[in-house]
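> Got a structure here, written out as structure tokens. Questions coming.
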Amino acid sequence: MMPMNQDISAHADILPANFYSFTLEDLQAYLKKFGKEKFRAQQIYKWVYESRVSNIDEMSNLSKDFRGELKNILNFDLPPVIKHLVSVDGTQKFLFDVKDGNTVEAVVIPSDDRLTLCISSEIGCNMACKFCFTGKQKLKRRLTADEIVGQFMQVHDSLQKEGLGRRISNIVFMGMGEPLDNSDNVFKSIEVLHSQWGINLSLKKITVSTSGIIPEMYKVAQAKVRLAVSLNAYSDEVRSQVMPINNKYPLKDLLEECKRYYRATGEKITMEYVLLKGITDQVEHAQKLVKLLKDIPCKINLIPFNEHPGSGYERPSDETVQAFHTETMRLGAQTLLRRTMGRDIFAACGQLATKIDHPETMDISNSKIGGTNARSFSHRQPSL
Ligand code: SF4
């Protein structure tokens, strides 16, 4: 075994590494480089994820010498929360500093039986979906696994401090960015979130939502998590108009890949469908949508469009939304129209941004579906 200080200097360019970027296996391999036994990784994992202790000096079952060495090779930094907004409906939005003047957002959505965290995977997004505020900001960078896990930990800790006894029960990768454009880090973070040594969340409670990057989609099945597809159209023509990715991966191929996911997992897919006034919200559109999805085991989540500056689209009236919902149900589709939440703090579907370049709050008192008795979400709807 090499002396500790020799090892550290050999890794001086990467030290200290961020603990939250490590799966248990990775941490074991990392510590091995410094001559440390496997069980050390489990001990540290337990301190951090089970006891929520990240101060090395408080890890009392580690020797004083080891604690000293650890400080040189691991840090436990989380992305700082620079803003925390709470909606009138209980939705909470967290803005994180992810260095170099960049920020990302995560949103907590409460409901009777669950507490869902919507997490970001990228700073900006190259998919350029026309109805999405994030899509207006070109991709600046993909988040690292520790920045993704860090969003969870910060929100978890904040909820614990509130002392209301609520814990995050579900995670949806539906915040800023296209998760399958950052697969390595997203699936690594899922491993940490799921690991019994880590956060120990059930895979069934984790949903990855994609705009339809077909070559990456099967990884969702392999990871055994839930798949949501940001569909938003009933035809290629309309989809290409609102989602440029459809030009590369058209509906026929996308839906084939959805079938493949279902064959591998037996899990229904959530199809997210944003209702844009005059474009995707008419009763005949509902009929075409149900026809399009007739062979796909899925449920449809309807999301009335949420306004953001310069979108060029309008939100349909509550009556139009209801008529669309009723028609899909009449035709036998499993369709959910969830209450819009967090719209007043720009935490609703399509409203997340890398900078606070929109107003922080908005008066939503005139809309029933957009008001406190209504709900929607980030750029996509959680699979619930
Ligand atoms: S909807 Fe999702 S994939 Fe599309 S631009 Fe917005 S963040 Fe990107």
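The values are calculated or read from the model by the stated rules, or taken from the named source; none is laboratory data. Note that this is a predicted model, so its numbers are computed, not measured. Here the Cβ is made from the backbone with ideal geometry for all residues, glycine too, and neighbour counts use every protein chain on show.
> Being among the aromatic types (F, W, Y), more than 16 Å from the ligand (Cβ to nearest atom) and over 16 Å from the mean Cα position of the chain (by Cα) is true for just one of F76, F131. Which residue is that?
Working: F131 fails: more than 16 Å from the ligand (Cβ to nearest atom).
None of the others qualify; the one that does is F76.
Each row is one residue, and each column tells you yes or no for (1) out of contact with any strand residue (DSSP E or B) (no Cβ under 8 Å at 6 or more places or on another chain); (2) within 16 Å of the ligand (Cβ to nearest atom); (3) polar (S, T, N, Q).
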{"residue": "S158", "(1), (2), (3)": "no, no, yes"}
{"residue": "D181", "(1), (2), (3)": "no, yes, no"}
{"residue": "I190", "(1), (2), (3)": "no, no, no"}
{"residue": "N200", "(1), (2), (3)": "yes, no, yes"}
{"residue": "A228", "(1), (2), (3)": "no, yes, no"}
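> If we scan the range 108-116, do we find a residue that is within 15 Å of S209 (Cα to Cα) and of a type outside the set (F, W, Y)?
Scanning the range 108-116, I find at least one residue that is within 15 Å of S209 (Cα to Cα) and of a type outside the set (F, W, Y), so the answer is yes.
> Got a number for residues in the range 159-182 being crowded, with 20+ Cβ neighbours inside 10 Å and not in a loop (DSSP other than H, G, I, E, B)?
Let us first name the residues in the range 159-182 that are crowded, with 20+ Cβ neighbours inside 10 Å, namely 170-180, 182.
Among the residues that remain, those that are also not in a loop (DSSP other than H, G, I, E, B) are: 170-173, 179-180.
The qualifying residues number 6.
> Another question about this same structure. Considering only the range 272-294, how many residues are out of contact with any Lys or Arg (no Cβ under 7 Å at 6 or more places or on another chain) and outside any helix (DSSP H, G or I)? Can you show your working first?
Pass one, the range 272-294, residues out of contact with any Lys or Arg (no Cβ under 7 Å at 6 or more places or on another chain): 273-276, 278-294.
Keeping just the survivors that are outside any helix (DSSP H, G or I) gives 273-276, 278-282, 293-294.
The qualifying residues number 11.
> Still on this structure: In the range 160-179, how many residues are acidic (D, E) and more than 16 Å from the ligand (Cβ to nearest atom)?
1
> Test F305 against the stated conditions and say whether it is modelled with pLDDT of 80 or more and on the phi < 0 side of the Ramachandran plot. Let's see the steps before the verdict.
On the way: modelled with pLDDT of 80 or more: yes; on the phi < 0 side of the Ramachandran plot: yes.
Yes, satisfied.
> Among the residues of the range 75-102, which ones are crowded, with 20+ Cβ neighbours inside 10 Å and in contact with a strand residue (DSSP E or B) (Cβ under 6 Å, 6 or more places away or on another chain)?
P79, T91, Q92, K93, F94, L95, F96, V98 - these are the residues of the range 75-102 that are crowded, with 20+ Cβ neighbours inside 10 Å and in contact with a strand residue (DSSP E or B) (Cβ under 6 Å, 6 or more places away or on another chain).
> It is to be established whether one or more residues within the range 256-267 are out of contact with any Lys or Arg (no Cβ under 8 Å at 6 or more places or on another chain) and more than 24 Å from A223 (Cα to Cα).
Step one: of the range 256-267, the residues out of contact with any Lys or Arg (no Cβ under 8 Å at 6 or more places or on another chain) are 256-261, 263-264, 266.
Those still in the list that are more than 24 Å from A223 (Cα to Cα) too: none.
No, that holds for no residue.
> I would also like to ask the following. Mind checking which pairs have a first residue in the range 199-222 that is closer than 22 Å to Q154 by Cβ and among the aromatic types (F, W, Y) and a second that is within 16 Å of the ligand (Cβ to nearest atom) and not in a strand (DSSP E or B), Cβ under 9 Å, 6 or more apart or different chains?
Short answer, once both residue conditions are applied: none.
> For residues in the range 102-123 being modelled with pLDDT of 95 or more and in a loop (DSSP other than H, G, I, E, B), which is nearest to I199 (Cα to Cα)?
Only one residue fits best here, namely I119.
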